[in-house]
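Each remark here refers to the structure printed beneath this line.
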Amino acid sequence: MSILYVHAYSGIAGDMMVGGLLDLGVSFDELKEELAKLNLEGYELSAKKVVKNGVTGLKFDVKIEEDHHHRGLTTIKKIIEESELSPKVKEKSIKIFTVLAEAEAKVHNSTLDEVHFHEVGAVDAIIDIVGSCIALEKLGWPEIVASPLHVGTGYVKAAHGIIPVPAPATLEIFTKADVPTYSKGIKNELVTPTGAAIVVALADSFADQPEMTIKKIGYGAGTRDLNIPNFTRLLLGERKKNNFQKDHHGHSHGHEGGHSHTH
């Protein structure tokens, strides 16, 4: 069983998730090709290697050519549903946006239909969310286990002015699942609402790293320079299996000295 461990020791954001998935080996060209199916205009994508605190990872960027529209959930759902993307990518992307919209609506005392995302209706949030789902599909939709989330503290400037960290919408998203969170006093927003929505909508569970064999590691870079490397770290591997596995004839073989069949 293939498993993806999302190690959010320095938080998580949409661009960090996509960067980490690309760093695991998902093709940037294939990602661009799939994202083109959204029929969104006016953006440019880049992915480049960066080094933070001696650790190398991938920084994924969405450069917007237009002022961003404040799109509502209905519009975003329509863009996704009318695209040529796979049914599962559509379904998971809409699930993430719904988690985000519900939180924003509650915080702004609005309804799902009225809420217009400032940070979220923008093209970059759509790219980050749908891009994460496309990349996960390329990896065959592994089981996702997320670590406790390091959220940061302090204040951040948002569309409505200065707000505390974690942002109210981010906190609201945490109430949708049993999300373990903590802060180590880093005065920065480490988990963004988009990052929170991705992990809450997609994670099968939250736990410390499970017993697994690690095949690949991806580092998705954030924009901050902190005293810890600002990456979301992704570990891709297999769940640890017990020592005796039945083959398809029903014979049990120990790993030591089990005779092998060649078919």
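Quick look at the numbers
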read-out: FRET efficiency estimate (nearest 0.05) - Cβ-Cβ, Glu211 to Lys48, R0 41 angstrom; value: 0.75
read-out: ³J(HN,Hα), Karplus 6.51/-1.76/1.60, whole Hz, each residue of the stretch 78-93, x for Gly, Pro; value: 5, 4, 6, 5, 7, 7, 8, 5, 5, x, 6, 4, 4, 4, 5, 4
read-out: The chain: relative contact order in percent, alpha carbon pairs under 8 Å with at least 6 residues between; value: 32 percent
read-out: In degrees, nearest ten, helix 123-138 long axis to first principal axis of the chain (Cα); value: 10 degrees
read-out: Around Pro168: net Lys/Arg minus Asp/Glu count, Cβ-Cβ under 11 Å; value: -1
read-out: Alpha carbon convex hull of the chain, volume per residue in cubic angstrom; value: 156 Å³
read-out: Whole-percent pair-distance distribution, where bins are 10 Å wide, for the alpha carbons of the stretch 1-153; value: 10, 38, 38, 13, 1
read-out: Cα-derived Rg to Rh of the stretch 157-203, Kirkwood definition; value: 0.96
read-out: The stretch 1-156 - percent relative contact order, Cα under 8 Å, separation 6 or more; value: 40 percent
read-out: Listed residue pairs exceeding 19 Å between alpha carbons, taken from Lys49/Lys216; Lys63/Lys95; Lys37/Lys90; Lys63/Lys88; value: Lys63/Lys95; Lys63/Lys88
read-out: The stretch 39-105, Cα convex hull volume normalised per residue, Å³; value: 150 Å³
read-out: Most fluctuating residue given options Asp128, Asp15, Asp225, as computed from a GNM of the chain linking Cα atoms under 10 Å; value: Asp225
read-out: Computed helical MRE - 222 nm, the chain, DSSP H runs ≥ 4 contributing -39500 (n - 2.57), nearest 500; value: -9500 deg cm²/dmol
read-out: Dipole magnitude (debye, nearest 20) for the stretch 2-242, charges at Cβ of Lys, Arg, Asp, Glu; value: 880 debye
read-out: Overall dimensions of the stretch 99-160 by Cα: Rg and Dmax, Å; value: 14.8, 39
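Throughout, read-outs are computed from the coordinates displayed, never taken from laboratory work. Nothing here was measured: the structure is a model prediction, and the numbers come from that model. Neighbour counts run over all protein chains shown; Cβ positions are idealised from the backbone, glycine included.
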